[in-house]
Amino acid sequence: MPTDDQQVHRGLEGIAVAETRLSSIDGEAGELVIGGFPLDELAANATYEESVFLLWNDRLPTADELADFRTDLAARRAIDDEVREVLRRAAAEGKPAMDALRMGAAAANLGSDDGDPETDARRVVAAFPTIVATYWRYRQGEEPVAPREDLGHAANYLYMLTGEEPTDAAVRGLETYLNTVVDHGLNASTFTARVVVSTESDVVSAATAAVGTLKGPLHGGAPGPVLDMLTEVHERGDPEAYVRETLDAGERLMGFGHRVYRVRDPRASVLSSAAERFYEASGDDDFFETVQSFEDVAVDVLAEHKPDRSLETNVEFYTAALLHGVGVPRDLFTATFGVSRVGGWTAHCLEQLEDNRLVRPRARYVGDAGRTWTPAKER
Ligand code: ACO
């Protein structure tokens, strides 16, 4: 029987390893607070630049500060020719977008002196959309579209994907998404970023490592499959049959259930309203009707299927609906999550550095001891 100090906390579940003022999650009540604001208050009103400023500075910017911050970030968007070449190659080899983002992130400090943590943070936040959009243009067999400094962060991302100026409704939809997922407690990628800077490594390395963590299907990979499911149901109809077939086959229904939330994920509520506004404004609410009726049916059938476990809609369900609506391609959903979450990763890096302590847990050894060496030719 392990003693208390030998107790293993697999996956660090339930263990608090840092104090943070960045976001707070109440899984029972379904509440998320970001930078002191209830999620719905922040997500629907802020620009992404305001959310990032808030996380980095623990207050909203004044109008002048916001203008300066936007200008400064916009000036840091361009990427080097050599990085473009790597992204072209990644696209030509059919590497996933998250691999391309990892490669581009790793090279984000090429051509600049080693920056202080905040300069590095500004650089990665500014460059992430350019990296993803450049990769995507190559994947489409098109030339990249250079960033435009006169557009805000969200508008410029959509512009670089298509070469066309996005509608206000699409920009507001994407902006709401970026604000909604910018930070969420000590999730795996955020923890990764904090571990990296805790060694007094740098913010570019932390963001690169965090991209690698976000890539895994247990973290950022669900919205693509959610869109596939919604598209299939939209085409063939009968959501109830789809849900029952999926559950009868012993599969999980993507976009439902959460480790922390026992009620509807508050991010799903915010994204659902944003998606509804977007689809109404664009006059294409047919698809969104399918999404809503699918959710109603799925929640009822899941309750019947697992009466002892609350399985409610999670963030990924409406992420798929909203990102698809505003024109982000399915294959970029996880990378677009990274485009937002890099704001949270960098904020956590800066917070970690305010009062740093090397993150160094330990493992309980369960291997053999006292083996004796045998030379290779005698084994
Ligand atoms: N559909 C059907 N059954 C489910 C679902 C689901 N979406 N989610 C959980 N269950 C069932 C499990 O099969 C399990 O049943 P069992 O006790 O008979 O084995 C029970 O509910 C408990 O499931 P756990 O795996 O213990 O729940 P956990 O908290 O570990 O899982 C998770 C959370 C991974 C999100 C899970 O609900 C899931 O796989 N959902 C589908 C994938 C998805 O939407 N992922 C995105 C999550 S949001 C985010 O991470 C940003």
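The numbers here are math on the coordinates, done by the rules we state, and not lab data. It should be emphasised that the depicted structure is a prediction, and the values quoted were computed from it without experimental measurement. Every residue, glycine among them, receives a Cβ derived from its backbone with ideal geometry; neighbour counts consider all protein chains shown.
Would you please state which residues of the range 256-286 a label at Thr231 would reach in this model, taking the label point 7 Å out along Cα→Cβ and a backbone N cut-off of under 14 Å? Those under the cut-off are none; the list is empty. Relative contact order, whole percent, for the range 74-214 stands at 27, derived from Cα pairs under 8 Å and 6 or more residues apart. The length gained on full extension between Ala16 and Glu82, counted as 0.36 nm times the residue separation minus their Cα-Cα distance, comes to 19.6 nm.
Among the DSSP helices (H) of the chain, those spanning at least 27 angstrom by Cα along their long axis with an average Kyte-Doolittle hydropathy of -1.0 or more are 117-139, 285-305, 333-354; this is a geometric and hydropathy rule only. Hey, for a label at Glu93 modelled as a point 7 Å past Cα toward Cβ, could you say which residues of the range 100-118 have their backbone N under 16 Å away? Output list for this probe position: 100-107. Using the Cβ-Cβ distance between Ala249 and Val8 with R0 set to 30 Å, the FRET efficiency from 1/(1 + (r/R0)^6) comes to roughly 0.30. Remark: the range 223-326 projects, on average over all directions, an area of 6.1 nm² (convex hull of Cα atoms). Taking a Cβ cut-off of under 12 Å around Leu60, the surrounding Lys, Arg, Asp and Glu residues balance to a net charge of -4, with basic ones at +1 and acidic ones at -1.
The residues neighbouring Asp202, those whose beta-carbon lies less than 9 Å from its own, together hold a net charge of -3 under the Lys/Arg +1, Asp/Glu -1 convention. Convex hull volume of the Cα atoms of the range 189-236, normalised per residue: 60 Å³.
Computed across the chain, the Kirkwood radius stands at 22.0 Å (inverse of mean 1/r, all Cα pairs). Annotation note: trypsin sites (Lys or Arg not before Pro) in the range 32-103 located in DSSP loop regions with a Cβ neighbour count of at most 11 within 10 Å are Arg59.
For the range 11-158, the Stokes-Einstein estimate of translational diffusion at 25 °C and a viscosity of 0.890 mPa s comes to 142 µm²/s, using the Kirkwood hydrodynamic radius over alpha-carbon pairs.
Once the Cβ-Cβ distance of Thr167 and Arg360 is raised to the sixth power relative to R0 = 56 Å, the FRET efficiency obtained is 0.70. When only Cα pairs below 8 angstrom with a gap of at least 6 residues are kept, the chain shows a relative contact order of 23 percent. For a paramagnetic label modelled on Arg330 (point 7 Å from Cα along Cα→Cβ), amide N atoms under 18 Å away are absent within the range 158-179.
If the cut-off is a Cα-Cα distance under 30 Å, which lysines reach Lys306, setting aside same-chain residues fewer than 8 apart in sequence? Result set, ordered by chain and number: Lys215.
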